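The values are calculated or read from the model by the stated rules, or taken from the named source; none is laboratory data. A quick note: this is a predicted structure, and the numbers were derived from the prediction, not measured. Cβ sites come from the backbone with ideal geometry, for glycine too, and all protein chains shown count toward neighbours.
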Amino acid sequence: MLDSMTKPTDKKAVLLLGHGSKLNEANETLCRIAASIEARGGYGCVQPAFLQLKEPDFQEAIAMMVSKGFYDIVVMPYFLYPGAHVTKDIPAEMEVAAKGHPGLKFTMAGNLGFHDALVDLTRQRIEESLGNGAPRAASPKPLVQHPIEKESFRIIDETLSIGQGVQGAAMPFSALELPVVRRVIHTTADFEYKDLLRFSGKGLEAGLNALARGCSIVTDVKMVDAGVSRQYLERFGSKVFCFSSDADVQRVARVEGITKTAASMRKAAGFLDGGIAAIGNAPTALMELLRLVKEGKARPALIIGVPVGFVGAQEAKESLMASGLEYIAVAGRKGGSPVAAAIVNALAITASKES
């Protein structure tokens, strides 16, 4: 019988199964592919999993899917060759899972194997190595700065310099920090942010490198999502996700008595391996994300933690800054969705200029 606590759904789910590696960067591609397939729709969920060296493994991933009500599962072996993993190990894992979850239905898809599309991709990679390909999209047209915006940045730069007390004095920000500080001040018209913004030792570099790899960006609320400019992200293939309004997230929030934004971080965990979390509204989302990271369930390259408010915001940001993770944060109660979006935009513009 099916688990009485789980309401099964008729939607098919996909288990995208790779080998797994000790190097986190090597596992990110599978997670990104799973996220992209799910984002295109057609399946109830697309869960990445690994046979070895990386969690979740096959059985853990199946348990996660069953807990969400998925009992009709397509297993997609993301393997080029039909070797022992495909012909023996995966069928054995399916048999174990079927015994542990009565009512489970499996369909096993073919491995990647030979396909004309793979031939074309291989040729493209060869041509790229010879300088004949075009691995990236053309550079986006530079933003035409409106005269008002141009004057705003002039005032910001002048004021920041005056704030040093001596004309021509060295700025208190690094070359990578300054674009973030300038854009946040421009967004908020609040010069106090020059004293409130905090950067971990390698946070900016981690964020820029993640964007260059085309990482996913997860936000806590739609307002952050809406404020992120896609113009520069599209060049790298990065996509922005926000799950706080999803029906399954809202259901988890109701059942477990947590906020929707906190529940959304659970759904976002698989999208965040090597990605960027931009949290501008909800301290509970930031605390939940820190918990997931501590338990090894999420591995973001950078956390932008700038939730605003009087209850829990300052404490959540202090927890982030004490976590040892790479971060960009705002000390105290200030912050907000526009600040989070401004930081993402500043990083994307900088990454585009450096590439």
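A few comments on the model shown:
- The selection criterion, being in contact (Cβ under 8 Å) with a residue 24 or more places away in the chain, among the aliphatic types (A, V, I, L, M) and in a helix (DSSP H, G or I), does not hold for residue 329.
- Residue 85 fulfils the conditions (1) in contact (Cβ under 8 Å) with a residue 40 or more places away in the chain; (2) closer than 20 Å to residue 8 by Cβ except for a single criterion, (2).
- Residues of region 310-327 classified as surrounded by 14 or more Cβ atoms within 10 Å (Cβ to Cβ) and β-branched (Val, Ile, Thr), total: 0
- Residue within region 272-283 that is surrounded by 18 or more Cβ atoms within 10 Å (Cβ to Cβ) and under 20 Å from residue 68 (Cα atoms) present: yes
- Leading residue by the ranking (surrounded by the most Cβ atoms within 10 Å (Cβ to Cβ)) among those in region 58-80 that are part of a helix (DSSP H, G or I) and out of contact with any Ser or Thr (no Cβ under 7 Å at 6 or more places or on another chain): 62
- Among the residues of region 35-51, the one identified as modelled with pLDDT of 85 or more and in contact with a Cys (Cβ under 9 Å, 6 or more places away or on another chain) is 48.
- Leading residue by the ranking (modelled with the lowest pLDDT) among those in region 129-164 that are of a type in the set (Asp, Glu) and either assigned by TED's automatic domain parsing to the domain that holds residue 349 or in contact with a helix residue (DSSP H, G or I) (Cβ under 9 Å, 6 or more places away or on another chain) (or both): 149
- Hey, residue 55 surrounded by 14 or more Cβ atoms within 10 Å (Cβ to Cβ) and either part of a loop (DSSP other than H, G, I, E, B) or modelled with pLDDT under 90 (or both) or not: no
- Any hit, region 303-311, residues being assigned to a helix (DSSP H, G or I) and free of Cβ contacts under 8 Å to residues at least 60 places away in the same chain: no
- Test for residue 298: is it without any contact (Cβ under 8 Å) to a residue 40 or more places away in the chain, over 25 Å from residue 176 (Cα atoms) and touching a helix residue (DSSP H, G or I) at 6+ places or on another chain (Cβ under 7 Å): yes
- Condition met for residue 107 (surrounded by 10 or more Cβ atoms within 10 Å (Cβ to Cβ) and at pLDDT below 90): no
- Strands (runs of 3 or more DSSP E) fully within region 172-251 that include at least 2 residues being buried (at least 21 other Cβ atoms within 10 Å of the Cβ): 217-219.
- In region 81-125, the residue that is nearest to residue 62 (Cα to Cα) out of those that are among the small types (Gly, Ala, Ser) and part of a helix (DSSP H, G or I) is 97.
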